[in-house]
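Please treat every number below as a calculation from the coordinates, not as lab data. Since we're looking at a predicted model, the values are computed, not measured. Backbone-built Cβ (ideal geometry, glycine too); neighbour counts: all protein chains shown.
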Amino acid sequence: MPEDMNINAVRDSFRESLAGASTLQELDDIRVKYTGKKGTLTTLLRSLGKLPPELRKSAGQELNTLRDEIEQDLQAAGRKIRDAENERQEISERIDVTLPERGRKAGAFHPVIQTMHEIVNIMQGLGYSVASGPEKEEEYYNFECLNVPSWHPARDMQDTFYFADGTLLRTHTSPVQIRAMHEYGAPLRIVCPGKVYRRDNDVTHSPMFNQMEGLLIDKDVPFSVMKGTMSEMMNAFFGKSLRYRFRASYFPFTEPSMELDIECVECSGHDEHCRVCHGTGWLEVAGMGMVHPNVIRAGRIDPDKYNGFAFGIGLDRMAMLKYGIGDLRLLFDGNVSYFMSGFEGAGKC
Ligand code: PHE
């Protein structure tokens, strides 16, 4: 073997670089360096012809052996790297099914929304559909069509949020009565849950609160259907047969008008210190009445052919009563953890 063809030195340097390689890319670089087109080994093989003929054969054999060796070593090293990589990946993706679960935070409906869903469900069972209207409303729908004359105190700036352009934040869901009559005509059965706004802010009043309007228009609707519908709804919502009473009242858009009181859901009238009914035994939950002919007319329906009844329920109050929430403001202060911890004892804080 000639001096300049030091095969052992090539082998040694190859082994050295192989030992230092840890990625497939590095292996590839080594392959190119030794057995590539311009690689050390390839160059040596090409120069075999320059050797004296008696040395060529053994040198050729040695070089070919080294080339095979290099290829095998590279392959083996490649396999090793790939195996290690696979193992690493497998370990990183392994799931330990014996670990305890991290715990899930269940979402929950706001009690007012839940109340709304429950009452809508009950009313759908009685054949009512859900209608809606804008919260930023025109005076015309909010007052005029509802037989609320311009001198009525409800129109006062003290009670109503007005915009500069004369529109307002609806003070009740009743304007949807008119919008629904315009849209669907008679006969008609709708409920409309939604936000309403008044210039009120104290322990029992919030400037924004939730109502549900109901409207039934048909031929020869008797007063008793209204009473039956209301008591049916309350019994279904509270899950028990409650005593109720209708008190004569006044709304410009209904005649006659009534307010509905239900038996106190907390004490049933047996606790004179009851924090919910303050010892009266009764809770006021809704306003209602037979729709005023002027309102039916404003809805473009003939009041000589059709009549009906309408009601408005305070959804916040219903939620507080059903879920024992003592302070109206808790419903709006966004403290989610309060509701996540359940309603138990909520009324007492
Ligand atoms: N709109 C009335 C209120 O906000 C409630 C009501 C609705 C009364 C429908 C009668 C009929 O107090």
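Worth pointing out:
- Going from the fewest other Cβ atoms within 10 Å to the most, the residues K105, K136 appear in the order K105, K136.
- Residues whose amide H falls under 5 Å from that of S129, counting only those 5 or more places apart or on a different chain, are R189, I190, V191, with hydrogens built in the peptide plane.
- Residue-span extension gain [Y250 to E93] - 0.36 nm each, minus C-alpha spacing: 49.5 nm
- Intensity falloff of the range 3-92 expressed as log10 I(q)/I(0), Debye formula with alpha-carbon point scatterers, at q = 0.10, 0.23 Å⁻¹: -0.31, -1.11
- Cα-projected label distance for H270 with T65, points at 7 Å along beta-carbon direction, nm: 10.7
- Working note: Debye formula, equal point scatterers on the alpha-carbon atoms of the range 233-285, no solvent; log10 I(q)/I(0) at q = 0.29 Å⁻¹ is -1.04.
- Over the chain, the Kirkwood radius and the radius of gyration, each from Cα atoms, give a ratio Rg/Rh of 1.57.
- Rg(Cα)/(2.2 N^0.38 Å) for the range 185-294, N = residue count: 1.19
- S13 paired with D327, simple spin-label distance in nm, labels 7 Å along Cα-to-beta-carbon: 8.4
- When the C-alpha to C-alpha distance is required to be over 32 Å, the pairs from K227/K322; K105/K136; K240/K305; K33/K80 that qualify are K105/K136; K240/K305.
- Fewest neighbouring Cβ atoms within 10 Å first, the residues S174, S268 line up as S268, S174.
- Between T204 and R31, the distance separating the two model label sites (each 7 Å from Cα on the Cα→Cβ line) works out to 8.7 nm.
- Taking 21 Å as the straight-line reach from the Cα of K37, the lysines in range (excluding those fewer than 8 positions away in the same chain) are K50.
- Exposed-loop-free span, longest in the chain, where chymotrypsin sites (Phe, Trp or Tyr not before Pro) count as exposed if DSSP calls them loop and at most 12 other C-beta atoms lie within 10 Å: 164-349
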